[in-house]
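Engineer: Take this structure first; my questions come after.
The values are calculated or read from the model by the stated rules, or taken from the named source; none is laboratory data. Keep in mind that this is a model prediction, so the values were computed, not measured. We place every Cβ from the backbone using ideal geometry, glycine too, and count neighbours over all the protein chains shown. Areas reflect the complete protein model, heavy atoms only, side chains present, ligands, DNA and RNA absent. Shrake-Rupley method; radii C 1.70, N 1.55, O 1.52, S 1.80 Å.
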Number of protein chains: 2
Amino acid sequence: MKIKLVLSVLLLFACVAAFGQEKQPGKARKQKQTVVEKGLIKVSIMYPFEEGKTFDIDYYETKHMPMVAGYLGDNLVKYTIEKGMASGIPNTPLPYMAIGTFYVKDLSEYQAAIGPNIATIRADFANYTNVAPVILVSEVVR
Amino acid sequence: MKIKLVLSVLLLFACVAAFGQEKQPGKARKQKQTVVEKGLIKVSIMYPFEEGKTFDIDYYETKHMPMVAGYLGDNLVKYTIEKGMASGIPNTPLPYMAIGTFYVKDLSEYQAAIGPNIATIRADFANYTNVAPVILVSEVVR
């Protein structure tokens, strides 16, 4: 009788512990999610809009960006793709057709990973665009 | 005796359920976290680098961006600030000193919120920069 009672109480504590753990990692995850981008390095490849220039965003999303991301290993935290819609200033042209951004932990590691593959990366440009990109390296402040 | 045994088994199931639940919301959260930016509208205010132009990123982070964010209400999902470090193309100048970005659900709601406050927003520019920004409206593809 007593052993069963003790077992029940132990299991009850285990349950409480399990539910408790359920909340903790949730919180930790949320906190990480909020803080994670600050301090990261962004490498933004920006494709200017110009008359007569084209950009195949499907190829960019399904082939080019995954290829480059594949070179970056653990240094890559995430990458994003955005499609230019309009200038936010009335009566001015669209500044960029598209922007691809790599969020990395370390810039020199990024450069070391891209360097040996730069010819392959550049050769792939012609498969989706005929415009030369502007590239901004920046630090996430917030 | 039997009741205690049944209780123990029930508690054991409760524990398993608790640990199981611990994993499920984790997954759901992760999925939401990955998908949340896709489809959002980005309004990126980009401050070009030019000789003799200045940018006070502390004022921008602590005063200007929070002020504008305050106009946007529930439509604003998040906003980010990045500080330009370098051009990613050797021997070319830094393209932008800083970029502030609002991630919103709806562009016309954004415009309706900014419109009545545009004079106040523009008047604040002189407190942190002497360069006119480029503004890109884009859609998050990935």
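Engineer: Using the alpha-carbon centroid of each, what span in Å lies between segment A:68-142 and segment B:78-107?
Structural biologist: 12
Engineer: Related question: Cα-based Rg (one decimal) and Dmax (whole number) for segment B:79-125, in Å?
Structural biologist: Computed over the Cα atoms of segment B:79-125, radius of gyration and Dmax are 15.0, 43 Å.
Engineer: For the pair B:Asp106 and B:Ile121, how long in nm is the line joining their label points, each one 7 Å along Cα→Cβ?
Structural biologist: 1.7
Engineer: Using the Cα centre of segment A:56-102 as the reference point, and only Cβ charges (+1 on K/R, -1 on D/E), how large is the resulting charge dipole? Debye, rounded to the nearest 20.
Structural biologist: 80
Engineer: Roll a 1.4 Å probe over the protein heavy atoms and report the accessible area of A:Arg142 in Å², nearest 10.
Structural biologist: Approximately 110 Å² of A:Arg142 is accessible to the 1.4 Å probe.
Engineer: May I pose another question? Per Stokes-Einstein, at 25 °C and 0.890 mPa s, what whole-number D in µm² s⁻¹ belongs to segment A:100-142, with the Kirkwood radius over Cα pairs as the hydrodynamic radius?
Structural biologist: Once the numbers are plugged in, D ends up at 200 µm²/s.
Engineer: Now for a separate question. How much accessible area is lost when chains A and B come together, counting both sides, with a 1.4 Å probe, in Å² rounded to the nearest 100?
Structural biologist: The A and B chains share an interface burying roughly 4500 Å².
Engineer: Run the label-point distances for A:Ala132 please: 7 Å along Cα to Cβ, every other copy, nanometres, shortest first.
Structural biologist: Going from nearest to farthest copy, the values are 2.6 nm.
Engineer: Averaged across B:76-85, how many Cβ atoms of other chains sit within 10 Å of each residue's Cβ atom?
Structural biologist: Mean partner-chain Cβ count within 10 Å for B:76-85: 5.
Engineer: Considering every Cα-Cα pair within segment A:62-142, what fraction, in whole percent, is farther apart than 15 Å?
Structural biologist: 65
Engineer: Here's something else I'd like to know. Under a Cβ-Cβ cut-off of 10 Å, what is the net charge of the residues other than A:Val140 that fall near it, where Lys and Arg count +1 and Asp and Glu count -1?
Structural biologist: Taking every other residue near A:Val140 into account, the sum is +1.
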